[in-house]
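Report on one structure; see the data block that follows.
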Amino acid sequence: MQERQCSKVSCAREAVATLTYDYADQMAAVGPLGRAGDPHAHDLCQVHTERLSVPKGWLVVRHETLRAS
């Protein structure tokens, strides 16, 4: 499997998680690295996964395996 890079501009770190948004429910979900090619998902490195912020009132759902470290 080829290494994927973080989606954040100017970040060259390896992606470790995938971020998706549900705008209707005002929710962001962060989980294990998903399949490549989903235009609605964003791959994030560990640093950007930990720094994730969402608009006020939004819910962030994090897959538990990402917290174990």
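Given a Förster distance of 22 Å, report the FRET efficiency between Leu59 and Val9 from their Cβ-Cβ distance, rounded to the nearest 0.05.
On the way: r = 25 Å, r/R0 = 1.15.
E between Leu59 and Val9, to the nearest 0.05, is 0.30.
How do His63, His40 stack up against each other in accessible area, from largest to smallest, with a 1.4 angstrom probe?
His40, His63
Give me the percent of accessible area attributable to carbon and sulfur for the chain, probe 1.4 angstrom. Don't jump to the answer; show the numbers that get you there.
Working: 2610 of 5180 Å².
Solvent-exposed carbon and sulfur of the chain make up 50 percent of the total.
With the cut-off at 17 Å, report for the chain the share of all Cα pairs above it, as a whole percent. Please report the intermediate quantities before stating the final value.
Values: 941 of 2346 pairs.
Result for the distance tail: 40 percent.
Which whole-number value in Å² is the accessible area per residue of the chain, probe 1.4 Å? Mind showing how you got there, number by number?
On the way: 5180 Å² over 69 residues.
Each residue of the chain exposes 75 Å² on average to a 1.4 Å probe.
Dipole size in debye (nearest 20) for the chain around its Cα centre, Lys and Arg Cβ +1, Asp and Glu Cβ -1? Provide the component values of the computation, followed by the final result.
Working: 8 positive and 8 negative charges, 38 e Å.
Dipole about the Cα centre, nearest 20: 180 debye.
The values are calculated or read from the model by the stated rules, or taken from the named source; none is laboratory data. Keep in mind that what you see is a predicted model, and the values were worked out from it rather than measured. Here Cβ is always computed from backbone atoms with ideal geometry, including for glycine, and neighbour counts include all displayed protein chains. The protein model used for the area step is the full one, side chains on, heavy atoms only, and it has no ligands, DNA or RNA in it. Shrake-Rupley method; radii C 1.70, N 1.55, O 1.52, S 1.80 Å.
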